[in-house]
1. Order the peptides 545-553, 256-264, 133-141 from the highest to the lowest mean number of other Cβ atoms within 10 Å of their residues.
2. Would you mind putting 392-401, 530-539, 468-477, 212-221 in packing order, based on average other-beta-carbon counts within 10 Å, highest first?
3. Going by accessible area, probe 1.4 Å, with all protein chains left in place, what is the ranking of Thr428, Thr124, largest first?
4. Hey, what's the range 190-245 come to in accessible area per residue, 1.4 Å probe, Å²?
5. Over the range 387-511, average the accessible area per residue using a 1.4 Å probe and give it in Å², no decimals.
6. With N set to the number of residues, divide the alpha-carbon radius of gyration of the chain by 2.2 N^0.38 Å and report two decimals.
7. As I understand it, the value is the acute angle between the Cα axis of helix 574-583 and the longest principal axis of the Cα atoms of the chain; what does it come to in degrees, rounded to 10?
8. Anything over 18 Å Cα to Cα? Flag those among Lys391/Lys422; Lys515/Lys571; Lys515/Lys624; Lys159/Lys445; Lys376/Lys422, in the order listed.
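The values are calculated or read from the model by the stated rules, or taken from the named source; none is laboratory data. No experiment lies behind these values; they were computed from the predicted model shown. Positions of Cβ are generated from backbone atoms using ideal geometry, with glycine treated the same way; all protein chains shown enter the neighbour counts. Protein only, heavy atoms only, side chains kept; ligands, DNA and RNA dropped before computing areas. Shrake-Rupley method; radii C 1.70, N 1.55, O 1.52, S 1.80 Å.
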Amino acid sequence: MASPQDRRDRNDPQDPYRLLEQCLSADRPGLRRDLRRLPKRPRSLAEVPEALRLRIADSAARLLARAEARPRPDFPPDLPVNQRRDEIAAAIRDNQVVIVCGETGSGKTTQLPKICLELGRGATGLIGHTQPRRIAARSTAARIAHELKTELGSLVGYKIRFTERTIPETFVKLMTDGILLAETQGDPTLSQYDTLIIDEAHERSLNIDFLLGYLKTLLPKRPDLKVIITSATIDAERFSKHFHDAPVIEVSGRLFPVEVRYRPVETEEAEREDQRDLYDALVDACDELHREGPGDVLVFLPGEREIRDAAEALRKHHPPHTEILPLFARLSAEEQSRIFKPHGGRRIVLATNVAETSLTVPGIRYVVDTGLARVKRYSYRNKVEQLQVEKISQASANQRAGRCGRVAAGICIRLYDEMGFKARSAFTDPEILRSSLAGVILRMKSLHLGDIEEFPFLEAPSSRAVADGYQLLQELNALDGNNALTGIGHGLAKLPLDPRIARMIVAARDGGCLKEVLVIAAALSVQDPRERPQEKQGTADAAHAKWADEKSEFLSWLKLWNWYENEIDHKKSQRKLVQICHASFLSANRMREWRDIHSQLHALIGDQGWKENEIPATYDAIHKALLTGLLGNLGCRSEDSMYFLGAH
């Protein structure tokens, strides 16, 4: 506890500790530490050793130089957020945390950093600006740089995985949530920033929830740090309460009205032979919009595979002067940037939900919404996380519709009915409530975020779910008896996968059976594609018999995979492949999902520098690798009966 004399000294403008407020925020922790190491507390700068005094003076001079070089932005009056600019600026000036709530199209993503610059923020440290996805971080940085009339990578830069374009003179730094979270490891007080904008917080990814909890504990230690949280939905009160009733400012959304039309396609019939499917409905919707007049179309689809199939269907149907562009996270930066380039004629952009919020595709007048997204959800029955296609929430549907009210009155065609829309959940479930807590605990341990029981989450998970998470990690040998990460645990934490699946893949790498286990691991991550209708169970079993393996159900997955890959290599059309799947009592959608997951796993091991085995793996090697992740699924036959007892 500081003495009365210390408190008087710190109110003295010549007190060295007070002078640190005139230094760059990134320099303050080191300077403060060195001041505390002095044998006697200095009461003036004259009592500070010369070398330390020079460092303080140098940091203060660099801060003044940054303040002089700070960009002077201008603000387009037509954006809704700028109509409340003075109110937003006053709230940021007078409060440590501000919540800005506004629909898609309000301009908050590009204008908030400029409002901060106008307030004088960005001089003592960077204005950090997070986005949920790499493509959004990069494109938003380019847009803000353009508005500030500077080159990307100078006054405005970005940092994403494997790429950083910033210089010491950078004022605004765009990055993904994961990058900022990772920076807490080397800089626990985030001292290089004087302002943080957490954009699209309504998405409630694990990274966003981790950041919001971390910032809640950090802010009392960093009274100079300003935090602005943006949400595109009316759920902003939850964020406000989390930060002790922080003020909420609501701004209007899109600039023009949007007409919503419902053109449902029955998904149960989509795969039936000779029936209108999702892609037929999509082509019909694009035709309808084409008749409405000029303007580009943005189509929302759940994944890469669906984008490719939709592109194939549209190219067969539309004239050559219609440009069809894909947009998803794994595209190269060059391919993604094509959507921002000017063009003649008509353009149809086929996108995943990367285009739902922070990424604005220019020139869009029409939207086609399939109402579907690929979502990771933990299966309590199978004890694994599965990536599956689900119906989006009402909030997400409204976000999608809002993408076409930017340049003129727009039209959104939903490929589902109005009753179905009203029956959907209001908001998307936060990722922490649909994730394996074993994976959450593993991530928190690797990031040194403390115990999950003590962490200030917006919505804390149940104690039972937490206990299950710890039990699974100990079963996988990822935690020791003191719940600390083991060597295996550190390895699993590097793989953004369900811990059980990750454990199998690590064991397969060591056992020389990575090629086979990737196929099986992907199969365990989706719903079983084999169908057994109640009225045709015998026929379905006979159709499935060609993939059966007398020794192992897991090896039957490999046989099914090889059969499907052969069918794809020799397919005459996508429709023919769907018909072959139905004749074999397989779900074409789930088979497609299986291939998608496998390609993601394959890309992931490539990032790790691992290679698949060239020699076919043995039965023993495959099953030993699988067992490392499935110990809880072992059964033990009782000596007194023929019944099996579960491991738990």
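1. My ranking of the peptides, most packed first, is 133-141, 256-264, 545-553.
2. The densest-packed peptide leads the list: 392-401, 468-477, 212-221, 530-539.
3. Thr428, Thr124
4. On a per-residue basis, the range 190-245 sits at 31 Å².
5. About 41 Å² of surface per residue is accessible.
6. With N residues counted in the chain, Rg over 2.2 N^0.38 Å equals 1.08.
7. For 574-583 against the chain, the angle is about 60 degrees.
8. Flagged as over cut-off: Lys515/Lys571; Lys159/Lys445; Lys376/Lys422.
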